[in-house]
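A short write-up of the structure that comes next.
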Amino acid sequence: MIRVGFGFDVHQLVEGRELWLGGVLIPHSTGALGHSDADVLLHALCDALLGAAALGDIGQHFPDTDSRWKGADSKRLLEGVVQLLAQKDWTVGNVDCTLILERPKIMPYVPAMRQAIAPLLKVDVDAVSIKATTSEKLGYIGREEGVAAHAVALIQRGA
Ligand code: MG
């Protein structure tokens, strides 16, 4: 059996925060604001995986009111999601993510992101796709006030 899921997330970009995207620290003048490390790509991916298994969303499993997740490395959240899926006998097939931000250019960091994510999902690197686009200077992303990510995930179990 296969199932597909979709995830979306947004974080504000502010000075004085680190910019973590896809499990990789990216040198930049602003960073994403959030309770955890605010890795928008990993959060969208968590929601895609949870959605595929109809297991709710990231806010339900890792609430931002819980001090355990303050400053948390989102790679640990993604690991937790993969464990939740494993409890229901789901394994990950492939994932496809799109980051939307104006700056910086993301392409140089994509190989490191795929390398970081693949082992957490227990899949080969070629099952992890990461794409990036800008918002053509339009809206909150265009004004560099925020960063967004979309993700789809396919999960499988049984024959
Ligand atoms: Mg988030």
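The values are calculated or read from the model by the stated rules, or taken from the named source; none is laboratory data. In this text, all values refer to a predicted model and were calculated from it rather than measured experimentally. Please note: Cβ atoms are built from the backbone with ideal geometry, for glycine as well, and neighbour counts cover all protein chains shown. When the accessible area is computed, the model is the full protein with side chains, heavy atoms only, and any ligands, DNA or RNA have been set aside. Shrake-Rupley method; radii C 1.70, N 1.55, O 1.52, S 1.80 Å.
Just a few scattered comments:
- Summed over region 102-147, the residues that are outside any helix (DSSP H, G or I), touching a Gly at 6+ places or on another chain (Cβ under 8 Å) and in contact (Cβ under 8 Å) with a residue 60 or more places away in the chain give a count of 1.
- Answer residue from region 1-19, given it is part of a loop (DSSP other than H, G, I, E, B) and either away from the ligand (no atom under 14 Å from the Cβ) or touching a helix residue (DSSP H, G or I) at 6+ places or on another chain (Cβ under 8 Å) (or both) and is most open to solvent (accessible area, probe 1.4 Å) among those: E15
- Applying the set (1) small (G, A, S); (2) open to solvent by less than 30 Å² (accessible area, probe 1.4 Å); (3) under 25 Å from E145 (Cα atoms) to G59 leaves exactly one unmet item: (2).
- In region 20-47, residue farthest from K75 (Cα to Cα) [restricted to those that are more than 9 Å from the ligand (Cβ to nearest atom) and not hydrophobic (A, V, I, L, M, F, W, C)]: S29
- Hits in region 68-93 - residues which are over 14 Å from the mean Cα position of the chain (by Cα), surrounded by fewer than 20 Cβ atoms within 10 Å (Cβ to Cβ) and not in a helix (DSSP H, G or I): K70, G71, K88, D89, T91, G93
- Candidate set from region 50-67 (those that are away from the ligand (no atom under 16 Å from the Cβ) and either among the charged types (D, E, K, R) or more than 16 Å from the chain's Cα centre (by Cα) (or both)); member that is nearest to Q12 (Cα to Cα): S67
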